[in-house]
1. Could you rank the peptides 222-228, 142-148 by their average count of other C-beta atoms within 10 Å per residue, with the highest value first?
2. Would you list C151, C176 from fewest to most Cβ contacts within 10 Å?
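Just so you know, all these numbers are worked out from the coordinates, no wet-lab data involved. None of these values were measured; they are calculated from a predicted model. Glycine also receives a Cβ, built like all others from the backbone with ideal geometry; neighbour counts cover every protein chain displayed.
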Amino acid sequence: MTSDMTVRMLRLLSLLQTRREWPGTDLADRLEVTVRTVRRDIERLRQLGYPVDSTRGHAGGYRLGAGADLPPLLLDDEEAVAVTVALRTAAGSLTGMEETALRALAKLEQVLPRRLRGRVGALQSTLAGITWQDRGPRIDPALLTTLAVACRDHEVLTFTYTTRQGPAAHRRVEPCHLVASGGLWYLLAHDTGKDDWRLFRLDRITEPAATGRRVPAREVPGGDPAAFTAERLTAAPTRHRAVATVDAPADTLRHLGTRVRPVTAASCRVDTSDDFLPRIAATLAGLDADYALDADPAVLAHLRAAGQRMLAGAG
């Protein structure tokens, strides 16, 4: 009986965390118990420190409120994956919060059920941190997890990849690391067909399939996956060129990562080149200093149009 009650209370707590307010009758139906039993279980949650508020009405209602302390939270599988990714990214890119994020990540992993431990452990071990600022394409957590597990297990993976020019091609790779940079996710892998290291944008990967074949781990040139990826991204061709010489020390723009190069002690060069014009405009708008811009005509035209819209909006 005690075991049944514990399971029921955990289900009740999970339901309270998924909706702002629950009528007592709805909770009773979901839990297949009486409204009276729901009231008793709510009182038990309160005794455990959960701030459950009651609302008056025909059958009464309940909502999980904010208390003095943060109560334990229940996460489903995909939420656990999403929280892990967010914490790992924070640990690698938010100055002053790295240790806090890693402590939270350690707590999460300590209580993970067995079915998730491998997936989340794979994410932690294969993510290489590069600061990223802008929101990029939304990535399917299932894809992220599939790639992370392949990286961890050194398992050969196949997928269909669409290049910037458009044609899709079948790829067979030995995955190494997942890297976040500039609002985009990349897979760093050794392409067996080209016998060379390649970066693959995750939003261009479809139909990933594990082959079941494991291979010895390859060492990334230079030994640092993040640095190697940053170097490749800096050298990669982009559709639109835009380089700003900024009247500010490079250290003040370190949040932009490898795109910043010092020129003098009081100035630096920021390469904002990108395939996406609005992202170039957003990066330049975030520079809190004067700068001179060397850019393609398409970039300049976009910036002029965007500037005029902002001026008009500002009255």
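1. Working: 222-228: 15.3, 142-148: 21.0.
Descending packing order for the listed peptides: 142-148, 222-228.
2. Values: C151 26, C176 23.
The fewest-first ordering by Cβ neighbours comes to C176, C151.
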